[in-house]
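Q: Could you have a look at this structure, given as structure tokens, before my questions?
The values are calculated or read from the model by the stated rules, or taken from the named source; none is laboratory data. For clarity, every value in this text was computed on a predicted model and none was experimentally measured. Glycine gets a Cβ as well: all are built from the backbone with ideal geometry, and neighbour counts include every protein chain shown.
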Amino acid sequence: MTTSQLLSPEFTGIDDLTLAEVDAKLKEHQQLLQVLLQSPGSMLSYLPQNDAASTEHTETVQQEPKAEQLFQQALVCSAQQDLFEAATFYCRAAYAGHLQAQVQLGHCYLKGAGVPKSAVFAYSWFILAALQQDSTAQQACTVLCKHLTVLDQQQAQQLAAERFEKITLQNNK
């Protein structure tokens, strides 16, 4: 189904799509978002931007160690089988923009390891990581997509979009 078909008056909603078409649309939207994220001056230009490149670099350098430290703490807690603390640190690192923390948090939700078991929450974190070209997350999205209802997929996409904005705005302070 093309974008023009989706925008046509005959299209009555997601219920008219087959699971394969929904999967294809999800991948198309993920690719589109990836292009938008990489395009300077794109539709996402409303996000706060730093005026000086040096300020941006300094903030990025400061954020990366914090996210990495949180991720490392999560790994230690995980090795000690303290799953709740591990999930807490993965979550904090994921919201700080740490890619592997997002993947690991997706796995935590998928397994119910330290957090309530939720395929929808897992899928939302995998979507964010997949947008950053993480192959594990991309595979998880493909598999989960086949097992989630269309409504669950929509909910996960909405959660991913909300989390993306929160992460982006928080890390652009």
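Q: Do the conditions hold for Thr136, that is, is it touching a residue at least 60 places away in the same chain (Cβ under 8 Å) and not charged (D, E, K, R)?
A: no
Q: For residues that are among the hydroxyl-bearing types (Ser, Thr, Tyr) and over 17 Å from Ala140 (Cβ atoms), tally how many sit in the stretch 87-111.
A: Going residue by residue through the stretch 87-111, those that are among the hydroxyl-bearing types (Ser, Thr, Tyr) are 88, 90, 95, 109.
Checking the rest, the ones that are also over 17 Å from Ala140 (Cβ atoms) come to 88, 95.
Within the stretch 87-111, residues that are among the hydroxyl-bearing types (Ser, Thr, Tyr) and over 17 Å from Ala140 (Cβ atoms) number 2.
Q: Hey, can you tell me all the residues within the stretch 97-131 that are at pLDDT 95 or above, surrounded by fewer than 24 Cβ atoms within 10 Å (Cβ to Cβ) and not in a helix (DSSP H, G or I)?
A: Gly112, Ala113, Gly114, Val115, Pro116, Lys117, Ser118
Q: I'm told Phe71 meets every condition in (1) surrounded by 15 or more Cβ atoms within 10 Å (Cβ to Cβ); (2) under 19 Å from Ala156 (Cα atoms) except one. Can you identify the failing condition by its number?
A: Every condition holds for Phe71 apart from (2).
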